[in-house]
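All remarks here apply to the structure that follows.
The values are calculated or read from the model by the stated rules, or taken from the named source; none is laboratory data. Note that the structure is predicted; figures quoted are calculated from it, not measured. Cβ sites come from the backbone with ideal geometry, for glycine too, and all protein chains shown count toward neighbours. Heavy atoms of the whole protein, side chains included, go into the accessibility calculation; ligands, DNA and RNA do not. Shrake-Rupley method; radii C 1.70, N 1.55, O 1.52, S 1.80 Å.
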Amino acid sequence: CNNPMSILGRVLFLPQAILILYASLGLAPYDLPYALFVQTFMFVAQNKVITAQYFTWYLCLLPLCSDRIKWTSRKIVTALILLVVSIVSWLGSAYCLEMRGMSVHFMVWLASIGFFVANVNLLGSMLCEYKGFGTELLLSSE
């Protein structure tokens, strides 16, 4: 079990575990639908495999909590634009690799990193722009 890849896999799981704890203990008591959305979004963003159906996992939860996210903020709009650009670049490079048979493995890898960063950025923005249940309690206790 001293395989470096095994150790790396465990270390890379830590951010996901921390966010699961935050969503479970920090968000769920105040807003369960939002906590479920955050957990599902995080799981899809940090999954090793990306396919189109994974987006439906969190998109179906979005209507339950979308009214509590400030979608018009500059931070969210920028994060959404970055996500769309990353999706287009990821799909374009994957198309070139899979359908055209072009040797663009490095481009797909870079696009995958960009896609992951865009997802993490969007999740962070949605957490910052959350204005839901319990916000008043958190602000009044400070």
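Protein heavy-atom surface of the chain, 1.4 angstrom probe: 72% of the accessible area is carbon and sulfur, with nucleic acids and ligands not counted. Every helix of 4 or more DSSP H residues in the chain counts as -39500 (n - 2.57), and over all residues that averages to -22500 deg cm²/dmol at 222 nm.
What's the angle, to the nearest 10 degrees (0 to 90), between helix 4-21's Cα axis and the longest principal axis of the chain? Roughly 30 degrees between the two axes. Per residue, the chain exposes 65 Å² of solvent-accessible protein surface, assessed with a 1.4 angstrom probe and all protein chains in place. With both labels modelled 7 Å from their Cα along Cα-to-Cβ, the L12 to Y30 distance reads 3.2 nm.
Which angle between 0 and 90 degrees, to the nearest 10, do you get for helix 32-45 versus the longest principal axis of the chain when only C-alpha atoms count? Between the helix axis and the principal axis of the chain, the angle is about 20 degrees. Just to confirm the number: angle between the C-alpha axis of helix 74-98 and the first principal axis of the chain, 0 to 90 degrees, nearest 10? It works out to around 20 degrees. Distance distribution P(r), the chain, all Cα-Cα pairs, bin width 5 angstrom from 0: 2, 9, 15, 19, 18, 14, 10, 7, 3, 1, 0, 0 percent.
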